[in-house]
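The values are calculated or read from the model by the stated rules, or taken from the named source; none is laboratory data. Nothing here was measured: the structure is a model prediction, and the numbers come from that model. Here the Cβ is made from the backbone with ideal geometry for all residues, glycine too, and neighbour counts use every protein chain on show. Heads up: the accessible areas ignore ligands, DNA and RNA and are worked out on the full protein's heavy atoms, side chains in. Shrake-Rupley method; radii C 1.70, N 1.55, O 1.52, S 1.80 Å.
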Number of protein chains: 2
Amino acid sequence: MEQHMNGQSPETGIRNLSKFCQAVRDGLTLEESAVEMKAAECFIHEAMEVIIDEAVKKATDVQEKVCEWHSPEQLKELLDLELKDGGESDSKILQRCKNAIRYSVKTSHPRFFNQLFAGLEPYSMVASFIIEAVKTSLYTYEVAPVFTLMEDAVLKKMMELIGWDEGGDGIFNPGGSISNMYAVSLARYRFCPDIKEVGFYDAPRLVMFTSQEGHYSISKAAALLGFGTKNVYVVPSDNRGKMIPAALEEKIELARSEGAVPLLVNATAGTTVFGAFDPVDKIADICERHSLWLHVDACWGGAALLSNEHKHLLKGITRADSVAWNPHKMLMACLQCSAFLVKDKMGLLQRCHSAKASYLFQQDKFYDVSYDTGDKSVQCSRKPDAFKFWLMWKALGSTELERRVDKALAMARYLAQEVKKREGFRLLMEPEYANVCFWYFPPALRDIPDGPELWRKLHTVAPVVKERMMKTGSMMIGYQTHGDKPNFFRMVVINPQVSKKDLDFVLNEIHNLGKDLR
Amino acid sequence: MEQHMNGQSPETGIRNLSKFCQAVRDGLTLEESAVEMKAAECFIHEAMEVIIDEAVKKATDVQEKVCEWHSPEQLKELLDLELKDGGESDSKILQRCKNAIRYSVKTSHPRFFNQLFAGLEPYSMVASFIIEAVKTSLYTYEVAPVFTLMEDAVLKKMMELIGWDEGGDGIFNPGGSISNMYAVSLARYRFCPDIKEVGFYDAPRLVMFTSQEGHYSISKAAALLGFGTKNVYVVPSDNRGKMIPAALEEKIELARSEGAVPLLVNATAGTTVFGAFDPVDKIADICERHSLWLHVDACWGGAALLSNEHKHLLKGITRADSVAWNPHKMLMACLQCSAFLVKDKMGLLQRCHSAKASYLFQQDKFYDVSYDTGDKSVQCSRKPDAFKFWLMWKALGSTELERRVDKALAMARYLAQEVKKREGFRLLMEPEYANVCFWYFPPALRDIPDGPELWRKLHTVAPVVKERMMKTGSMMIGYQTHGDKPNFFRMVVINPQVSKKDLDFVLNEIHNLGKDLR
């Protein structure tokens, strides 16, 4: 195909496009292709070497930094962000690729414990590259045949693990917050399909329930979907972070007595801060009794369904009306990989969100248009994220996924033991999952008696230690307050590249960075 | 770092993980890293070769097929989708990668004209690979310093092109539908901030306006956000597909007379089917007169802002309150790259959507937390999509982007000329942008006089030609009905790899595939 490749060097090849396009402007030619594919290939090849060196090798090398901290002002200068009329050479662009990686945080590093995602999963990473290269959108079978079927296969397998023997329906979304929003949307639609058409104006005051430890996305959904945040009733949790079923029942009664109509309960399987699991089975009893939609936010904890040892944490999830579960968290699929699953298999998801666009969802196509899943979505374009999970699942098998979950939880327990053993560290609570929350008391604070002075001083420790770890680049761990608790560290253990040594290192390093504080 | 790499061959290396994890289960070791990074590197390397060969070289080669059609049933067998307990060898997984690409539609192929995206943009593709490899989420500066600043730089430059000299605010989203939803959400919040907290229950009936040619996402937003689809008033368009300003004014009066409160007008710059531009300037006059939020859905047409020759199409956009603009469409950034921009710079976006999660948005951080942009979003995790546009913009410069837009529109005009010249083809209307809509009349239909019989027969032509082109794999073009118009082809010209020859080929091929129809 000489018209698309002519063997020019990569440096001149893509650049020639400019000359060609000048010719177009001069009215000279629409005769030939304007893109030098050979040059493009070479550039992609070179860039891939950069990516493997910088974002795979160096990013996972424990002897490298987790991050190279610069303030926003410094980093703006280093990156030279301004977009200009003229372009830049490929070698300049490759340098920019290196810098983008260099100054980014290395979330794949064995000492990154800052979020509910971490680590490098090579199969999923490759799948995500393929998704980018294939560049399609998951609205119709016609333009995304492979990914449509893979999404279906992954959803089915996830539903099997949830225990929905008769199947259900589902959709991958750009994040767990959107999945939780789908639950609220479907619950409303099941309650009163007319609201889709006529709006909320004549509806009774519909309210939902979530625990004080539930993710903030329920509140965001309430705001966005027109319920209002005050129509989210917050149910107290016990000292382990689990929703108290009796308190839920009380809140439901309270809402009724205030003239509201209870609609949905969000139970959390794996809370963001403590990794706590709400007692889904007991909550399901209450939902049945009151005919409420039960949504389980298992974005973080869903992975335990793969583990025979730990799946008891989600007991009762099979009774849920819907489940949100993010394989991009504990299971390490590339960002984002986030499923919303619904037990209904009579088309609720599609009826709730469909708009029947004639330019996409023609009904006179030559294949079975039930494979055109796009109208189930509130999006139009949608990424085929399920492939990131499908490929790694094929490579590793359920057995290996199970072992990874088991290992992560074993590591978290090891860390908790170490925290309890060490002077100056105090565990907030025994971890139920992979979140380990603890305080570090510098020596100067250790003789101060329990009380407001100690807690005030302790509150300032974690932010300073965090600043120092970022500036050293030695590790990354989150910190936060919770209720009236002063700032503590929340460390999340996921990455199977992490060993005991890394966890020991973290505790030593916290002490090194914070021991002078007073 | 011998603990993370020990030089094993790639084939055995990653697999060893299973043995290691078995050891973990047996309680033997948490002593060492469980991931063979060396093996992972080798696998990623091999997979990249596959991606470059199959998804770059072959996918853009005009002599290869655009798609290899299989029915869902056939393809399920070919892909062997089932997820099992056991894993598979790396060589098997590489074969699966090849198959995933092989059976996917080649949207980068010079004869793919089926959607509002197309073509391969090498710089953006590399940026998207980096995003996947770096694996982070855009909620805090702390975990996404580089991408936070790049998003800001891209948004600023886009606002400059819109003509908001004093800046504004914005956010990249997973698709234009979500951006349009943000506009509706912000308009509601500006109208009455209390709705965020108390919900829609006591609100007046708020209504919005969009043209009959506007994208269905406005209707989806109305359903999801609790307005109800019937509270979207559909404004007639003229025979070019442009909203009729006088008709908008009538609809606003009608809504008022029905007791509704007009809130927002959605003007479309580049409609999905015809590529028509609503007269934004005149619509802005009306919005000012009635104090309505003016949103411009420029997802498709925004690219014309880069062209001195064509930016007149968006005259008046600077008066908009908000704009949606997808660089992943005409400008060929990788999917998805989709910006929502708002003229307000007093924090409306953040106030409207914030939930102030304490585990993410600590206020006692050691850097300026105004760089933590995550609370502007309805999502929690969010992909750093702006980088896909930033890197290609740096590489090409605004001048080259302008030339690409000009070339695409010149190509569309060439195609329209050819359609008019050729026997058996009829243009629906002169293209204003890159959408060329036309009918093909097989010889047997050419002598049938205009009327119901002709239109009924014509209606069946495009679906059959489409089926045949998919099965031949020679090209991909969309078809659809519109109002009472029988099925026609909608061809979208974006990809600068496309030459006149490819457009000539398409028209010849339609004739070849359809000439026997009667």
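Quick look at the numbers
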quantity: Selection status of A:F112, outside the structural domain of A:G478 (by the TED database), surrounded by 24 or more Cβ atoms within 10 Å (Cβ to Cβ), among the aromatic types (F, W, Y) and at pLDDT 95 or above; calculated: no
quantity: Residue in segment A:188-200 that is in a loop (DSSP other than H, G, I, E, B) and either surrounded by 21 or more Cβ atoms within 10 Å (Cβ to Cβ) or not assigned by the TED database to the domain that holds A:C299 (or both) present; calculated: yes
quantity: Failed item in (1) within 13 Å of chain B (Cβ to nearest Cβ); (2) assigned to a strand (DSSP E or B), with A:D502 passing the rest; calculated: (2)
quantity: Number of the exception - B:L155 against (1) among the hydrophobic types (A, V, I, L, M, F, W, C); (2) crowded, with 24+ Cβ neighbours inside 10 Å; (3) more than 7 Å from chain A (Cβ to nearest Cβ); calculated: (2)
quantity: Residues of segment A:312-326 satisfying the condition of being assigned to a loop (DSSP other than H, G, I, E, B) and open to solvent by 30 Å² or more (accessible area, probe 1.4 Å); calculated: A:K315, A:D321
quantity: Residue that is farthest from B:L391 (Cα to Cα), among those in segment B:150-172 that are touching a residue at least 40 places away in the same chain (Cβ under 8 Å) and more than 21 Å from the chain's Cα centre (by Cα); calculated: B:E166
quantity: Residues being within 23 Å of the chain's Cα centre (by Cα) and of a type outside the set (A, V, I, L, M) - total across segment B:242-278; calculated: 10
quantity: Looking only at segment A:335-360, and only at residues there that are touching a helix residue (DSSP H, G or I) at 6+ places or on another chain (Cβ under 6 Å) and part of a loop (DSSP other than H, G, I, E, B), the one that is most open to solvent (accessible area, probe 1.4 Å); calculated: A:A355
quantity: Positions within segment B:189-216 being facing chain A (nearest Cβ under 8 Å) and in contact (Cβ under 8 Å) with a residue 60 or more places away in the chain, in sequence order; calculated: B:K196, B:H215
quantity: First in segment B:491-518 and under 21 Å from B:T481 (Cα atoms) and not assigned by the TED database to the domain that holds B:G302, second anywhere and open to solvent by 10 Å² or more (accessible area, probe 1.4 Å) and acidic (D, E), Cβ under 7 Å, 6 or more apart; calculated: B:L507/B:E418
quantity: Breaking point among (1) in contact (Cβ under 8 Å) with a residue 60 or more places away in the chain; (2) over 20 Å from B:L313 (Cβ atoms), for B:L415; calculated: (2)
quantity: Qualifying residue in segment A:87-109 (condition: in the same structural domain as A:D504 (by the TED database), over 30 Å from B:A55 (Cα atoms) and surrounded by fewer than 24 Cβ atoms within 10 Å (Cβ to Cβ)); calculated: no
quantity: Yes/no for A:D165 being touching a strand residue (DSSP E or B) at 6+ places or on another chain (Cβ under 7 Å), surrounded by fewer than 24 Cβ atoms within 10 Å (Cβ to Cβ) and charged (D, E, K, R); calculated: no
quantity: Qualifying position, being modelled with pLDDT under 95 and farther than 27 Å from B:K501 by Cα, among B:V50, B:V24; calculated: B:V24
quantity: Hey, A:D368 open to solvent by 10 Å² or more (accessible area, probe 1.4 Å), modelled with pLDDT under 95 and closer than 30 Å to B:I178 by Cα or not; calculated: yes
quantity: Out of B:A269, B:A222, sole residue that is modelled with pLDDT of 95 or more and in contact with a Lys or Arg (Cβ under 9 Å, 6 or more places away or on another chain); calculated: B:A222
quantity: Residue match in segment B:271-283 (condition: away from every other protein chain (no Cβ under 14 Å), of a type in the set (S, T, N, Q) and open to solvent by 10 Å² or more (accessible area, probe 1.4 Å)); calculated: no
quantity: Enumeration of residues in segment B:181-206 that are more than 19 Å from B:V378 (Cα to Cα) and touching a Gly at 6+ places or on another chain (Cβ under 9 Å); calculated: B:Y201, B:A203, B:P204, B:R205, B:L206
quantity: Flag for A:S124 being more than 8 Å from chain B (Cβ to nearest Cβ), assigned to a helix (DSSP H, G or I) and in contact (Cβ under 8 Å) with a residue 12 or more places away in the chain; calculated: yes
